[in-house]
Amino acid sequence: MSPARRGLPCRTFPVVLSAPSGAGKTTIARRLRERRGDVVFSVSATTRAPRRHERNGVDYHFVPVDEFRRMIDAGELAEWAEVHGNYYGTPLANLTRAVERSQFLLLDIDVQGARQIRKVAADAVHVFILPPNGDVLAERLLRRGSEGEEVRQRRLSNACGEVQSAAEFDYVVVNDDLDATVDAVEKILATESHRVQHLPEMGATLERICREIGKHVAPPPGGAREIAQTQERSQ
Ligand code: ADP
Ligand code: 5GP
C-alpha cells in the first residue's frame, strides 16, 4: 500500500527508463501506464521521422531540425541529446505539468539525457533495462522491423556503450518475461514512494502521531514537578 493511502502524502517523481534500442522500454512504459492511472508518459520532441504506427503528439512531437534548435535556444527542453543520428529532447513543460498534476512522469530517454535529468530533477528515479542477452536484443530489434538495415546496425553498434552505463542507474531490471519486468518496475515505483525524500509532509505526520500518543500517556503521580526532576536526572 502506498504511504499516501496510509495518511502520509507522497510526492510523485519522474521515473527515467533507459536501455539500448530494442530492449523493450517503450513496451514497458506502455504497460505501466495501462496499469496505473497516476503514471504519464513524457512525450519527447524528436527530429527522427515517424514510424508507421506512431502519432504526432502521442508518441513524439515530430519536429524539423530548425524547430528543435529553436526549442533548445528558447530553453524549452529539460534535456536533449543526439541519439543514433537524430535529436531527441524532453520538453521542460512535461516535468512541470506532472508535478502540478501529481503524476509519475515516465521518461523513455537515452543515457546522455538521463545524466542531464539528474541535474534538473534530483528526485528522479533512474531504471536501466537490460536485455537477457545480446542475441535476444538483436532479434527483438530485427523483429520490430521499424528500421532499415543501416539504422538497425547503427543502433546495435551503439548498444554496448549504452549497456556499460547501467551502473550509473539506481536500479537495473532484466527484461526477459515482460509481465515480470513490468511488475519489477511497478515495485520500484511503489518502494520509492516510501523514501523519506519523497514524503514532503512527514514532519506534520510525525507531530500528529506524537500528539495522539500523548493522549494515551498517563501523567506521572507527582505532576509537573516530578517531570522536571526526571528530566534533570536524565541530563
Ligand atoms: P525500445 O523502446 O527499448 O527500443 P521496444 O519496446 O520497441 O524497445 O521493444 C522492441 C521489441 O521487442 C518490440 O517488438 C517489443 O514488442 C518486443 N519486446 C519488448 N519486451 C519484450 C519481452 N519481454 N519479450 C519479448 N519481446 C519483447
Ligand atoms: P527511438 O528512435 O527508438 O524512439 O529512440 C531512440 C533512443 O532515443 C532511445 O534510446 C530513446 O530512449 C531515446 N530518446 C527518446 N526520447 C528522448 C529524449 O527526449 N531525450 C533523450 N536524451 N533521448 C531520448
Checking Pro91 against (1) in contact with a His (Cβ under 8 Å, 6 or more places away or on another chain); (2) free of Cβ contacts under 8 Å to residues at least 40 places away in the same chain, only one condition comes out false. Which one?
(2)
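Conditions (1) in contact with a strand residue (DSSP E or B) (Cβ under 9 Å, 6 or more places away or on another chain); (2) of a type in the set (Asp, Glu); (3) loosely packed, with under 15 Cβ neighbours inside 10 Å; (4) within 17 Å of Ala184 (Cα to Cα), marked per residue:
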| position | (1), (2), (3), (4) |
| --- | --- |
| Thr12 | yes, no, no, no |
| Val15 | yes, no, no, yes |
| Ser18 | yes, no, no, yes |
| Gly22 | no, no, no, no |
| Ala29 | yes, no, no, yes |
| Arg33 | yes, no, no, yes |
| Arg52 | no, no, yes, no |
| Gly75 | no, no, yes, no |
| Tyr88 | yes, no, no, no |
Output the residues belonging to the stretch 143-155 that are open to solvent by less than 40 Å² (accessible area, probe 1.4 Å) and either more than 13 Å from ligand 2 (Cβ to nearest atom) or part of a helix (DSSP H, G or I) (or both).
Arg152, Arg155
Which members of the stretch 164-184 meet the condition of being part of a helix (DSSP H, G or I), within 12 Å of ligand 1 (Cβ to nearest atom) and buried (at least 16 other Cβ atoms within 10 Å of the Cβ)?
Thr181, Val182, Ala184
Within the stretch 39-46, is even one residue closer than 30 Å to Thr205 by Cα, open to solvent by less than 50 Å² (accessible area, probe 1.4 Å) and not in a helix (DSSP H, G or I)?
yes
Members of the stretch 145-158 found to be near ligand 1 (Cβ under 10 Å from one of its atoms) and either polar (S, T, N, Q) or touching a residue at least 24 places away in the same chain (Cβ under 8 Å) (or both), listed by number
Ser146, Arg155
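The values are calculated or read from the model by the stated rules, or taken from the named source; none is laboratory data. From a predicted model like this one, the values you see are computed outputs, not experimental measurements. Virtual Cβ from ideal backbone geometry, glycine too; neighbours counted across all protein chains shown. Each accessible area value is taken on the protein alone, full model and side chains, heavy atoms only, with ligands, DNA and RNA left out. Shrake-Rupley method; radii C 1.70, N 1.55, O 1.52, S 1.80 Å.
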